[in-house]
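Below: the structure, in structure tokens.
Computed from the coordinates by the stated procedures, all read-outs in this text should not be read as laboratory data. Here the structure is a predicted model, which means the values were calculated and not measured. Cβ: placed from backbone, ideal geometry, glycine included. Neighbour counts: every protein chain shown.
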Number of protein chains: 2
Amino acid sequence: MIKQYLLAPGPTPIPNEVALAMAETMIHHRTPQFAKIFLEVRDGLRELFATKNDVIVLASSGTGAMEAAVTNLLSPGEKVLVVNGGKFGERWLEISKAFGLDPIDLKVEWGKPVAVEAIEQKLKEHRDVQAVMVQASETSTTTWHPIDKIARVTKGGPLLIVDGVTAVGVKKVPMDEWGVDAFVTGSQKAMMLPPGLGFVALSDRAWARAAQAKLPKFYFNLNLERKNQQKGASAFTPAVSLVFGLRASLELMRKEGLDRVYARHERLASATRAAATALGMKLLAPESPSPAATGIWTPPGMDADAMLDFFREKMLITFAEGQDQLRGKAIRIAHVGYMGAFDVVTAIAALEMGLRKFGAEVKFGQGVAAAQEVLMETLV
Amino acid sequence: MIKQYLLAPGPTPIPNEVALAMAETMIHHRTPQFAKIFLEVRDGLRELFATKNDVIVLASSGTGAMEAAVTNLLSPGEKVLVVNGGKFGERWLEISKAFGLDPIDLKVEWGKPVAVEAIEQKLKEHRDVQAVMVQASETSTTTWHPIDKIARVTKGGPLLIVDGVTAVGVKKVPMDEWGVDAFVTGSQKAMMLPPGLGFVALSDRAWARAAQAKLPKFYFNLNLERKNQQKGASAFTPAVSLVFGLRASLELMRKEGLDRVYARHERLASATRAAATALGMKLLAPESPSPAATGIWTPPGMDADAMLDFFREKMLITFAEGQDQLRGKAIRIAHVGYMGAFDVVTAIAALEMGLRKFGAEVKFGQGVAAAQEVLMETLV
């Protein structure tokens, strides 16, 4: 029992091609060699973000990129509307408060997508809102918020700042076409990299705002970064090996084709949802599930955290736990990144075994069969 | 669909710990640093082979090690008895012929273990047989031959030369205790390494014979190797990075514990057999199956090779094919090496999907459930 299965939504497994690229000979970052790689990566990122604008690469986690989006677009005391439907919605709120903004906390029931009407209503009540902050994929509840519809509401109004940490490369979000103003992600999700890179792409009007925004920043100065990155450098030392890996992972995604990357995530997620349903389990986000991960309520009275320990210790499988109000009540199975059809099969077979171990009546193979049906129907 | 699943009996998947060890800085082989590593590895190999004698490491495939066992123990024209129950039994025959020995071809029905009485009978008919050659695990038919019983017959008589390519590290074969005279393996099986290393361990009486054996050899001179390897060197340039990897893989096996390594192989194999049986399929070797891999007959009229193409192309799973008389009629699912419980689940779920794709009536999850039952009963 030495083989580990990593099925949590980030860090995700790393393809060997990417790991090998990261082991390439270290080079200095202020060199033509690095500039060439960096400029190549920038092209790939624009494709991935579906934007004609710059995608800024930061040596930070995704949270750093979230902070950068906030501090580069807003000024002290400005009012913002935060869609708060999970741990990452809360994070927008915390960042806003830390920098002295005036956030409106639009609470959304965990597991539900935000109602666009609720956003419209808040914006009517508060005409001075400068930005709406939301997750595309709220990883903590595995919910997908309707970014396309929200973008229609913010068009010509407040900026739309979207956390795309488990959305970019997972599901199509054409930021220019829809009108997303800031789109943020991290490296350890669909990009199949270790953590350590943050990304922010801004729209034209967001770049215009960035020239005036007065919140304090130094490390995360996107204008400064843009000037440098357009020349293949970065303002501060970049995470060189991760950029090597990024080039490899963008190449893998390009080869697979972005549409097929999105279809792959959807395929694994829908097979998992079918399996959970066949096992009589309830989904955390039945109404608008994210394809990045599937959250499942464990049966009443069954301790999800004890199950997770069992999975990790006895089956060497790492799923993700439920956080805060979901603690001990749910597990989350990831599909994001370097995952294949048989990771779903693995996850569901393990889940069945865990359920029985913890006292549920389970017919082995029942969930797996439901997953297999979906996987067969969606064979490429 | 970019994630590959390698489920063939060698090359097998490589643990990252081993891959990383092989990426260590290259060193010269005639140095104290290399000698230290090599001597450490020799200790681990003695444990793995359960012998007090030397285990010789060769830069060759397993076939090279088979040849070394033959050319170092026998002289031109000598009579040998070859247990020929598959592709690898045939290989003993071919090596014997290539070097001018006089082999008796003891044919065994593919998928059956050799009858010890048949060996006894042949040895009575041919009192001048100098060696018996046999596979412990005949990988082509996934059959286990009863080495312990054969060793009782050869005790004090002809040498017992055993191909342990998919046996060493898979199932306990205590060579000194049982009286195996030559035990051979390769790196790309239970040792979880890439191909490139061959191994031969000899008994005391085999080493005595090696001093007199007259078959021609140069590269595979085990006496010369022994003199060198006892000092931490080798007669010819060793495969340095594979030796680095070998140190890591021996360490992994030591940590897991050899008894648990054996139990792991048996667990995966028995779960696979239970699954195949639950699906109404016939095993290639029901009587004495090897825990290294499980051969399964595909249903009559179903082209196993077309199925294997489907698995490889549409599911990115590599199983092994049936060879020669089994061509197109069977598939083999490996358990040897760096495999876990969920590789069985993956294999069986894929098999179910392949069977349906090729026209069989299959209830999805039925085989998986049978595997799950065994895996649950055998949780460590």
(request) Between the alpha-carbon centers of the stretch B:304-343 and the stretch A:181-225, tell me the distance in whole angstrom. (result) 47 Å
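How high is the FRET efficiency between B:H28 and A:A360 when r is their beta carbon distance and R₀ equals 51 Å, given to the nearest 0.05? Let's see the in-between values first.
Numbers: r = 60 Å, r/R0 = 1.17.
Once rounded, the FRET efficiency stands at 0.30.
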(request) Could you point to the residue in B:A98, B:V362, A:Q323 farthest towards the positive end of the protein assembly as shown's charge dipole, with +1 and -1 charges on the Cβ of Lys/Arg and Asp/Glu respectively? (result) B:A98
(request) Once the label point is placed 7 Å from Cα along Cβ, list for A:E313 the distances to the corresponding points in the other copies, in nm, shortest first. (result) 4.7
(message) With equal scatterers on the alpha carbons only and no solvent term, can you work out the Debye log10 of I(q)/I(0) for the stretch A:265-326 at 0.23 1/Å?
(response) -1.11
(request) For the stretch B:257-377, just the Cα set please: Rg and Dmax, both in angstrom. (result) 13.5, 44
(message) In the protein assembly as shown, if the dipole is taken from +1 on Lys/Arg beta carbons and -1 on Asp/Glu beta carbons about the Cα centre, which of B:A304, A:M133, B:I147 is farthest to the positive end?
(response) A:M133
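Assign unit charges at the C-beta atoms only (+1 for Lys and Arg, -1 for Asp and Glu), then state the dipole size of the protein assembly as shown relative to its Cα centre in Debye, rounded to the nearest 20. Numbers along the way, then the final one.
Working: 88 positive and 82 negative charges, 180 e Å.
Computed charge dipole of the protein assembly as shown: roughly 860 debye.
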(request) Could you list the residues of the stretch B:336-380 with an amide nitrogen less than 19 Å from a label point located 7 Å from the Cα of B:D309 in the Cα-to-C-beta direction? (result) B:351, B:353-360
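Percent antiparallel among DSSP beta bridges with both residues in chain A, to the nearest 5? Walk me through the numbers before you get to the answer.
Values: 20 of 40 bridges.
Just about 50 percent of them are antiparallel.
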(message) Using a Debye calculation, one point per C-alpha and no hydration shell, please list log10 I(q)/I(0) for the stretch A:16-255 at q = 0.07, 0.08, 0.11, 0.12 Å⁻¹ in order.
(response) -0.21, -0.28, -0.52, -0.62
(message) On a 27 Å Cα-Cα criterion, which of the cross-link pairs A:K149/B:K3; B:K112/B:K172; B:K87/B:K149; A:K314/B:K52 come out too long?
(response) A:K149/B:K3; A:K314/B:K52
(message) Once the label point is set 7 Å along the Cα-to-beta-carbon vector, what list of distances in nm do you get between B:E24 and its counterparts in the other copies?
(response) 2.7
(message) So if I take the centroid of the Cα atoms in the stretch A:29-97 and the same for the stretch B:108-164, what is the distance between those two points in Å?
(response) 68 Å
(request) With a ≥ b ≥ c taken as the square roots of the eigenvalues of the C-alpha gyration tensor of the protein assembly as shown, please select rounded if a/c is under 1.5 and otherwise prolate if a/b is larger than b/c or oblate if it is not? (result) prolate
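Give me the net charge of A:V57's neighbourhood, meaning all other residues with Cβ under 10 Å from the Cβ of A:V57; Lys, Arg count +1, Asp, Glu -1. Intermediate results must be reported in sequence, preceding the final value.
On the way: positive: A:R42; negative: A:D54, A:E225.
Counting the neighbours of A:V57, the net charge comes to -1.
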(message) Between B:P216, B:P238, B:P195, where does the largest GNM mean-square fluctuation fall for chain B, given springs only between Cα atoms within less than 10 Å?
(response) B:P216
(request) Starting from a label point 7 Å past Cα on the Cβ side, list the distances from B:G301 to the same position in the other copies, nm, shortest first. (result) 5.1
(message) Less than 18 Å apart at the alpha-carbon level, and either on another chain or at least 8 residues along: which aspartates and glutamates does that give for A:K36?
(response) A:E24, A:E47, A:D54, A:E225, A:E251
(request) Could you quickly flag the chain B residue whose beta carbon comes closest to the rotation axis taking B to A, and that distance in whole angstrom? (result) B:G365, 1
(request) Within the stretch A:47-152, report the trypsin sites (Lys or Arg not before Pro) that DSSP leaves as loop and that have at most 11 other Cβ atoms within 10 Å. (result) A:K52, A:R127
(request) Hand me the trypsin sites (Lys or Arg not before Pro) from the stretch B:309-380 located in a DSSP loop with no more than 14 other Cβ atoms within 10 Å, in residue order please. (result) B:R327, B:K363
(request) Determine the equivalent ellipsoid of the stretch B:121-219 by diagonalising the alpha-carbon gyration tensor, then write out the semi-axes as square roots of 5 times the eigenvalues, largest first, rounded to whole Å. (result) 23, 18, 12
(request) Output ³J(HN,Hα) for the stretch B:207-219: one whole-Hz value per residue in order, computed from phi by the Karplus curve 6.51 cos²θ - 1.76 cosθ + 1.60 with θ = phi - 60°, and x for Gly and Pro. (result) 4, 4, 5, 4, 6, 10, 4, 10, 4, x, 7, 9, 5
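Share of antiparallel DSSP beta bridges in the protein assembly as shown, in percent to the nearest 5? Mind showing how you got there, number by number?
Values: 40 of 80 bridges.
Percent antiparallel among DSSP bridges in the protein assembly as shown is about 50.
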(message) If you fit an axis through the alpha-carbon atoms of helix B:87-98 and take the longest principal axis of the Cα set of chain B, what angle between them do you get, 0 to 90°, nearest 10?
(response) 30 degrees
(request) Of the options A:A239, B:G89, B:L202, report the single residue whose Cα projects farthest towards the positive end of the charge dipole of the protein assembly as shown (beta-carbon charges: Lys, Arg +1; Asp, Glu -1). (result) A:A239
(message) Placing unit charges on C-beta atoms (Lys and Arg positive, Asp and Glu negative, everything else neutral), compute the dipole magnitude of the stretch A:16-255 about its Cα centre in debye, rounded to 20.
(response) 360 debye
(request) For the stretch B:1-80, run through the GluC sites (Glu not before Pro) and keep only the ones in DSSP coil with at most 15 other Cβ atoms within 10 Å of their Cβ. (result) B:E24
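Let me spell out the model: positive unit charges on the Cβ of Lys and Arg, negative unit charges on the Cβ of Asp and Glu, origin at the Cα centre of the stretch B:72-173. What dipole size does that give, in debye rounded to 20?
Working: 14 positive and 13 negative charges, 58 e Å.
Result for the stretch B:72-173 is approximately 280 debye, rounded to the nearest 20.
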(message) Need one number: nm distance between label points at B:E40 and B:V380, each 7 Å from Cα along Cα→Cβ, rounded to one decimal.
(response) 2.2 nm
(message) Please compute one quarter of the surface area of the Cα convex hull for the stretch A:318-380 and express it in square nanometres.
(response) 5.2 nm²
(request) Give, to the nearest whole percent, the P(r) tail of the stretch B:1-130 beyond 20 angstrom, counting all Cα pairs. (result) 65 percent
(message) Starting from the 7 Å offset along Cα-to-Cβ, what nm value, one decimal, do you get for the label separation of A:N223 and B:E251?
(response) 5.2 nm
